[in-house]
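Read through the structure below, which is laid out as structure tokens, and then see the notes.
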């Protein structure tokens, strides 16, 4: 489902609404993300599935007609990972991939570890104030 389509109320509803091959690939990526993120939450944010960590948005996944996407929500982390993550195709802070080649656990772990470190640092800085 592209962002302009009717919004989904849940992540499972979103995944069920996309074409079957895309839904299977996004479900696979989502399942790995949820396994890697301690106490991961799953919400719809900006009309796409978002994985949360410590109550904060961590990464989002989405489907368009032409590709699937992992939205890092962190341009600095995306720039830091551009050379080491060679799967998919980078576009800003988004990693595009296809249903035929979902992102590997290795890539997802690099992204999740980087994003969790950013969230942890931001929450720690906020608590010191």
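Computed from the coordinates by the stated procedures, all read-outs in this text should not be read as laboratory data. Being a predicted model, the structure only gives us computed values, none of them experimental. Glycine gets a Cβ as well: all are built from the backbone with ideal geometry, and neighbour counts include every protein chain shown.
Here are some notes:
- Taking the helices alone, the chain has a mean residue ellipticity at 222 nm of -13500 deg cm²/dmol, built from -39,500 (n - 2.57) per DSSP H run of at least 4 residues and averaged over all its residues.
- Estimated FRET transfer efficiency when R0 is 41 angstrom, pair residue 66-residue 123 (beta carbons, to 0.05): 0.70
- With respect to the chain, whose longest principal axis is taken over its alpha-carbon atoms, helix 20-36 is tilted by about 20°.
- Relative contact order [Cα under 8 Å, 6+ residues apart], the range 1-100, whole percent: 24
- Förster radius 25 Å - calculated FRET efficiency between residue 84 and residue 21, Cβ distance, rounded to 0.05: 0.35
- Rg/Rg_ref, the range 14-111, where Rg_ref = 2.2 N^0.38 Å and atoms are Cα: 0.98
- Computed E for residue 101/residue 42 - FRET, C-beta separation, R0 35 angstrom, nearest 0.05: 0.90
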